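The values are calculated or read from the model by the stated rules, or taken from the named source; none is laboratory data. All of these numbers come straight from a predicted model, not from anything done at the bench. Note that we place each Cβ from the backbone using ideal geometry, even for glycine, and neighbour counts take in every protein chain shown. Note: areas computed on protein heavy atoms with side chains; ligands, DNA, RNA excluded. Shrake-Rupley method; radii C 1.70, N 1.55, O 1.52, S 1.80 Å.
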Number of protein chains: 2
Amino acid sequence: MVKPSIPKGTRDFTPETLLKRNYIFDIIRQTFERFGFVPIETPAMENLSTLMGKYGEEGDQLLFKILNSGDFLKQVDLSQDQDYRKVASQICEKGLRYDLTIPFARYVVMHRHEITLPFKRYQIQPVWRADRPQKGRYREFYQCDADVIGSDSLLCEAELMLLYDEVFTRLQLPVRIKINNRKILQGLAETVGCSSMLSDITTAIDKLDKVGTEGVRQELQERFLPQEAIDRIMQYLQLSFAELPAFLANSAAGIQGIAEVTQVMDFLASTPLKNELVADPALARGLNYYTGCIFEVQATQLQIGSIGGGGRYDNLTGTFGMPGISGVGISFGAERIYDVMEQMGLFPEKITKTSAVVLFACFDVAAQRFAMPLAQQLRHAGISVEVYPEPVKIKKQLEYADRRAIPHVVILGSEEMASGLLTVKNMQTGQQQQLTVEALISQLTE
Amino acid sequence: MVKPSIPKGTRDFTPETLLKRNYIFDIIRQTFERFGFVPIETPAMENLSTLMGKYGEEGDQLLFKILNSGDFLKQVDLSQDQDYRKVASQICEKGLRYDLTIPFARYVVMHRHEITLPFKRYQIQPVWRADRPQKGRYREFYQCDADVIGSDSLLCEAELMLLYDEVFTRLQLPVRIKINNRKILQGLAETVGCSSMLSDITTAIDKLDKVGTEGVRQELQERFLPQEAIDRIMQYLQLSFAELPAFLANSAAGIQGIAEVTQVMDFLASTPLKNELVADPALARGLNYYTGCIFEVQATQLQIGSIGGGGRYDNLTGTFGMPGISGVGISFGAERIYDVMEQMGLFPEKITKTSAVVLFACFDVAAQRFAMPLAQQLRHAGISVEVYPEPVKIKKQLEYADRRAIPHVVILGSEEMASGLLTVKNMQTGQQQQLTVEALISQLTE
């Protein structure tokens, strides 16, 4: 008999972990809804024609592909040597969702006649990537995205900053929210005389946190930027946001980018954030499809990379034949948020309890029968209750309560059944009280 | 450009549908927790060695298999004609979860050292089956399971009946809960002299609702039961539970089964259910692994098959080398529950609203800026709020509120900014009020 295992890079979630994860998801979900975002869900499987070619060549390799059902070899000629990629495309039509953005774009196109613009949607679902598993990187993990499509207003960006602020405030996790604008980076490219190399510049600057300024310099050299341009980019990376207008004075795009970030800040002037909000010229973001404001969130008290990010894009659905849909979105890195909160001990005691609040420990079957309607009464008052299923020794039932961290045990025997008064043991203090069921309910719900 | 589509048998969930689905899941989840069940989650992908051979030959064919990453052909010789099943096992190591029971069994074995028995777990996750899609049958659908393992007490069965009763009462969906016991069916098999054909008898009786008594008779004939036995089984199917003791008097198993059902009923004597609970000798359930009490739930006001079921089993984890783990579980058929509730119009009006409660409609950008802190104040009071992102004509903003069914619109212009009094339009009555933000909050939260 082989010992059972799970695929590498995947995880079981125990009750304890899951309650903590759901604490994070619930706060994100509730905040999304407070800001008027509505949920959608898409299937785990998408057609490969929807997914392929959307995440670069490397992304295509990281898609989990699903074997066609039935005799998948029927139409395939395998008699000669073939490239495995070509064979895969013949025997697999479907793949697992790689992110939530492409499925959202596909959703918008398919449901365009029922969607009212501006459309504010959120989506919290797992995605799958055949990445090499390593610490903190999994093959199955959750993404939490919110997007507003169909409006160019910078009010959307401002509200998303408030949303970030709200979520991390409620999680009690102090963060720095960085904002920049792709037009500012375009202005930089123009200013240093390398307009056509915007993507190289963005990619290099995006690595700043990881590799430092010297690393960025090297990356730019490897990408064959002229030395003079590289020197000016190094200069740029030292600038504060206030110094940008002078530096980018000759770029219309740069000026526009500065104006947009300023306008977002203006919208927030009367609702100061509880967390830091910094306009950071050195923020670049890796993805190519951003065209306006970009954001990134970092925990201030731990070095762990970004725990959130997003930005504005011009063309969500063009790849599916529906041009002109622009929008702006943010994402929460739930897995990393979990890790940070765990390391910092930020999960409230209450939600780490994986158990009922009350256990009925009964001397015999008669006491169990007596317990049933009482347990129901507590449950109807919203209290989570277990009745220990076997009338074994009370000591054993108390041990179970202890191991499960159940804080209150009602001990039921013939005396309690006669008097109607319950013996309630507080498992933390060891104290026992005699209470009516009503008194117990009001103690536990006050 | 090919119009995008999704794989057949899968679904997108729009906000409207999703809020209704989550209404059902939330009630099930909350009730599970009130009864002391704790959640677990397992990966979407399991090793095929975990899944294969657990669901019968047909089940193996219905598993979605995932192509190995990288060059999956490397170790495979495809030069000669091969059986596609054999090839599949060479190029796929993983498959998508087919149900929640086998992953739970695998979980119990892998986590046995951290589990305290009795262990009450629930699990609400999607499963995937390469079934032929048809009305009401999907290739991706949710299962909602609760199981107690590690206790033989019939109190567990009684509590699960209460749990069913509670969920369907809260959903306002009247149901009939049927209970029977596999030992009673064993007693039937013994009594008619066909002990070795219990599985044939169970399978045939399980079809009673679909094919009627004559259909069952035919099925039994096709399975070569003696005519006399068939006649007695037909007789049995007419019996009430009260008449069983006489009929099964000579079978120890039968007597035991009757006693177990009776004991479950005794546990429930002082907590009468709000729905019907019927001991039904003709209830059989299809699955082979049940050994004790079995349950099934049907909507009383619509013919739609079972919307829940479960039972007691002896050996959850034997197939993974860990014998002796018995338990009892129930399952909710969430997809069918949704269909029934939709047909009967049981979803509360409130949860079908896919929108914010308040929209701020602003005359200009100054009014938008003014709106931001007010919107935040409402959100902090738990109210879902949108600020319309563009300062277009108020008429257009009101149309948006109308299409999105947002019930209250705050119209903000220079007058409101000067006075601090908000103009609040009730979109249903058309009436307008002048209110302070505090007054609006207390109106909306009372």
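Of note:
- Point-to-point label distance, A:L287-B:Q256, nm (Cα→Cβ direction, 7 Å offset): 6.0
- Cα gyration tensor shape of the range B:1-147, rounded if a/c is under 1.5, else prolate or oblate by comparing a/b with b/c: oblate
- Applying the criteria of a DSSP loop state and at most 15 other Cβ atoms within 10 Å to the GluC sites (Glu not before Pro) of the range A:107-160 yields A:E114.
- Helix A:15-34 axis versus longest C-alpha principal axis of chain A: approximately 60°, rounded to the nearest ten.
- For the listed peptides B:28-38, A:186-196, a ranking on the average number of other beta carbons within 10 Å per residue, highest first, reads B:28-38, A:186-196.
- Cross-link pairs beyond the 19 Å C-alpha cut-off, checked among A:K135/A:K350; B:K120/B:K274; A:K135/A:K178; A:K20/A:K350; A:K54/B:K65; A:K393/A:K425: A:K135/A:K350; B:K120/B:K274; A:K135/A:K178; A:K54/B:K65
- Mean-position separation - Cα centroids, the range B:95-164 and the range B:1-66, in angstrom: 12
- Dipole of the range B:53-146, positive direction: furthest Cα of B:L63, B:T101, B:A88, with charges on the beta-carbon: B:T101
- The order of the peptides B:300-309, B:424-433 by mean Cβ neighbours within 10 Å, most packed first, is B:300-309, B:424-433.
- Classification of the protein assembly as shown by its C-alpha gyration tensor yields a prolate form. The axis ratio a/c (a ≥ b ≥ c) is 1.5 or more, and a/b outweighs b/c.
- Helix B:365-380 axis, angle to chain B major axis (alpha carbon atoms, nearest 10°): 40
- Across peptide B:95-104, the average count of Cβ atoms from other chains found within 10 Å of a residue's Cβ is 1.
- Nearby aspartates and glutamates by direct alpha-carbon distance to A:K210 (threshold 14 angstrom, same-chain neighbours under 8 apart not counted): A:E219
- Sparse-neighbourhood loop sites, trypsin sites (Lys or Arg not before Pro) in the range A:331-401 - DSSP loop, at most 15 other Cβ within 10 angstrom: A:K393
- Within 10 Å of each Cβ in A:364-376, the average number of Cβ atoms from other chains: 4
- In the range B:54-72, burial by the other protein chains removes 20 Å² or more of accessible area from B:F64, B:K65, B:I66, B:L67, B:S69, B:G70, B:D71, B:F72, compared with the chain on its own (1.4 Å probe, ligands and nucleic acids ignored).
- Pairs of Cα atoms nearer than 8 Å and 6+ residues apart set the relative contact order; for the range B:353-445 it is 31 percent.
- Partner chain coverage, peptide A:379-387 - average Cβ within 10 angstrom: 5
- Gyration tensor verdict on the range B:353-445 (Cα atoms; rounded if a/c is under 1.5, prolate if a/b is larger than b/c, oblate otherwise): rounded
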